[in-house]
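All remarks here apply to the structure that follows.
The values are calculated or read from the model by the stated rules, or taken from the named source; none is laboratory data. Bear in mind the structure is a predicted one, so any value in this text is a computation, not a measurement. Here the Cβ positions follow ideal geometry from the backbone for every residue, glycine too, while neighbour counts run over all protein chains shown. Please note that ligands, DNA and RNA were not included when accessible areas were found on the heavy atoms of the full protein model with its side chains. Shrake-Rupley method; radii C 1.70, N 1.55, O 1.52, S 1.80 Å.
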Amino acid sequence: MSQTVPPNPNQESSSSKTVAETLLSPSILEAVPDAVIAVNRQGVIIQANSQTETLFAYTRDELIGQKIEILVPERQRPEHDRHREQFHSKPKIRRMGSGLDLYGRRRDGSEFPVEISLSPVSTADGTMVLSVIRDISDRKRIEEELRRANEELDRRKSRELRDSQNRLALIVDSSQDAIIGKNLDGIVTHWNKGAEHIYGYTAQEMIGRPISVLAPKEREDEIPAILEKIRNGQRVEYFESVRVTKDKRNLNVSISVSPIYDAEGKVVGASTIARNITAQKKIEDQLRQSQKMEAVGRLAGGVAHDFNNLLGIVTACSELLRTRVDQESAEYIDNIREAAKRGASLTRQLLSFSRRQPVQAQLLDLNDRLKDVIKLLRPLMGDDVEIVLQPRPSPAIVEADPGQLDQIVMNLAVNARDAMSHGGKLVIETAVFDFDESFAQEHPSIRVGRHVMLAVSDNGTGMDEVTRSRIFEPFFTTKEMGKGSGLGLATVYGIVKQFGGHVWVYSEQGHGTTFKIYLPSAEHKLGSAPEPQTEELPSRREGVTLLLAEDDPVMRRLTRKMLEAHGYQVLEAEDGKSALQVISSHSGSIDLILTDVVMKGMNGPELVLRLMESHPGMKVVYMSGYTGELVANHGLDSGIRLLEKPFTRADLLKTVDAALG
């Protein structure tokens, strides 16, 4: 029976000693490319190879006998003893690359990243730890460079993505069309600048609101129907409809709607592109209206042509009968001939309006021409409109086409009639003006020389600044749909410019409108017209103080400039209220007030009444863009001094000089 031989302790100790001696032999340690350090349980270095010397800059003799913590950074030394004890309590091999963030400390105190593997070795004196230490500075540097390169790449990708998104956003925002995003419930999620411009709502006002706020009541069912098509993946292209703006205007729009898909191909919303086609629709309507008017014109021209033939027969027969009847009967023949002449005049105007009459410029007296036009205006304006013709005594000779002159007056009269829905007064005046160099510089559209003025005024509703700035635009109208073509004043403007003239408009809401047309005088072509004489200016006035009240800043500045150049001291005010403040703060006397008739707030007559109580001796001169006939409607009598705009420097200085006496 065999017996188990018990282990010999001396033999095991000898074996462990042999292994330890082998591992710590110079031939083995120097063969390892990394730094190798042997440490006992107390943490004392008992052996190190030459690679350790190179890595830590200590000699082997300096290291042996020292605590291993000499090679550990000072900030990590307090924990190192504890980690060493834990390792000895459960010794096991720890490979390099364990993921720990470890550092070594050189003799000069500099630190460097390391990777350490630990191997427990049993010896007769207890467990020894063999540490293999590798400098990983190069690897860390490469890793850091790679990390930075990846971060830079990510930043570039993010920047390029942002740039691409910004470019796309700029493209969307720069579009004149409305580009709107919404979810399947119709809630707005995106709103570009084009949508803001077309509809008047800002993005902050619309995002989060239902798109249905843009639909008029009679079209509320359109949007749910469109969204249902989008849910089914269908597109809606070039659908023409009507939408409502923030300020409650109706717009004609052409709408295209497309589904928006997510990454999985599911419909999650809709993208709408809407184009404002209101102007296009208006032009189409105007074209149809123009075609209709062309047909009416052709009909009128045909009727006038046939009527002229009948009048020719009447005229010829009356001429033949004139020589065959007695004196008593001749009176009736003359009445027939006069009626035929009036009928011929009417047909010429009809032919002119229908454009069957050739455009032929000729010398004519505007005063005489207006007497004939008035006959057409009376039935047109109605019984509740008083028509006043005020021709100036001097001839008003122009070179123009008679039919086109008639058209100017007729178009202006029709506009005036629409502004006087409850009746009123239409005033037609003429005058002759000589414009000098200084006046032409202040009014670049006016040429130097003699001009004939035609003024057409009404005391109707008037216009605000916005309307006044657009009245000569083709197709612009403030009338209801179907009530006006918007071509009347554009035609007036075109004819006046064709004659080399200028149109000037003065209007305020509630105070009526005056159109003043200046046409170059053709009096010199008659061969007997006197040369325009340069008007003499009154003598300079020094030490005279005027108060100028005018709500138009440009007009106020120019008037002040002309007065001051002639020696006057001028105080200025922008309206009646500020005029009272200027007077109350002025310590000296004021000799004359020059005030506009119509101003915002307190008008000219009200201002003068207030001032007369405290300054009874103050002289007064009114100025107005309205004619003298209509100024009476603003509380002024015929005895006042009125300076009609636009006025020349001579007109201004003479009027002020005469008022001062």
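In terms of the mean number of neighbouring beta-carbon atoms within 10 Å, the peptides 57-70, 113-126, 186-199 order highest first as 186-199, 113-126, 57-70. Database remark: amide H of Val544 closer than 5 angstrom to the amide H of Gln569 (H placed geometrically; neighbours at sequence offset of 5 or more, or on other chains; Pro and chain starts carry no H). Computed from phi, the 3J(HN,Hα) profile of region 142-148 under the Karplus parametrisation 6.51, -1.76, 1.60 (θ = phi - 60°) reads 5, 4, 5, 5, 5, 4, 5 Hz, with x in place of Gly and Pro. Rolling a 1.4 angstrom probe over the protein heavy atoms with all chains in place gives region 64-150 an accessible area of 64 Å² per residue.
Each peptide in 602-613, 142-153 was scored by the mean count of other Cβ atoms within 10 Å over its residues; highest first, the order is 602-613, 142-153. Residues in region 216-229 carry Karplus couplings, in order, of x, 4, 6, 10, 5, 7, 5, 5, x, 5, 5, 4, 5, 5 Hz; the curve used is 6.51 cos²θ - 1.76 cosθ + 1.60 with θ = phi - 60°, and Gly or Pro positions show x. A compact globular protein would have a Cα radius of gyration near 2.2 N^0.38 Å; the ratio found for region 550-612 is 1.07. Using the alpha-carbon positions of region 59-170, Rg (one decimal) and Dmax (whole number) come out as 22.1, 81 Å.
Once backbone amide H atoms are built at 1.01 Å from N, Val268 has Ile260, Tyr261, Asp262 as its partners under 5 Å, excluding neighbours fewer than 5 places away on the same chain. Using a probe of 1.4 angstrom and keeping all protein chains present, the accessible surface of region 511-607 works out to 49 square angstrom per residue.
Entry note, region 140-271: relative contact order of 19 percent, from Cα contacts under 8 Å with a spacing of 6+ residues. The rule of thumb for compact globular proteins, 2.2 N^0.38 Å, goes into the C-alpha radius of gyration of region 142-251 1.51 times. Label positions at Glu264 and Ser158, each projected 7 Å from the Cα along the C-beta direction, are separated by 2.9 nm.
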